[in-house]
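See below for the structure under consideration.
Throughout, read-outs are computed from the coordinates displayed, never taken from laboratory work. Note that the structure is predicted; figures quoted are calculated from it, not measured.
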Amino acid sequence: MIEVEQILNIYEPDNCIAPNYMKTDIKEREGNYLLEIEIPGFIKEDIKAELIEGVLSIIAKKPDNIEKEENKDNYVRRERTVSGFKRNYYVGKRIKHEHITAAYRDGILSIIIANPDISVDGEKQKLINIH
């Protein structure tokens, strides 16, 4: 099992000034880890989770129609618009796609990383299905 200290939180904003997005709580429960990631203002379809070479990447990106919405709603200036965020978590190369489940509800992305002691052959798929 991975150590909590080994989970690296690398914050990589796409178009953001404030580094307060994607705050994450990490809990250990029943031999698994639960990551609760705060992603308010997005819908499930705007969020992508992928695992590549031991790095779990969470990407939240809104469609490119924000500028059209600003004009439609008669905004003169809009500072609270954020188009996307990305945050990486190093979980180790023993963790495979099959060890991870995810669900998004009420602005919180919950990710469960199962114990990797179960033998898994290869990393066939990189994207993680978010329920």
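Some points to look at:
- Residues whose amide H lies under 5 Å from that of Phe42, counting only those 5 or more places away or on a different chain, are absent; hydrogens are built 1.01 Å from N in the peptide plane.
- Contour excess over end-to-end distance, with Cα ends at Lys44 and Asn115 and 0.36 nm allotted per residue: 23.0 nm
- Counted residue by residue at 0.36 nm each, then reduced by the alpha carbon distance between them, the extension gain from Asn74 to Asn88 reaches 1.4 nm.
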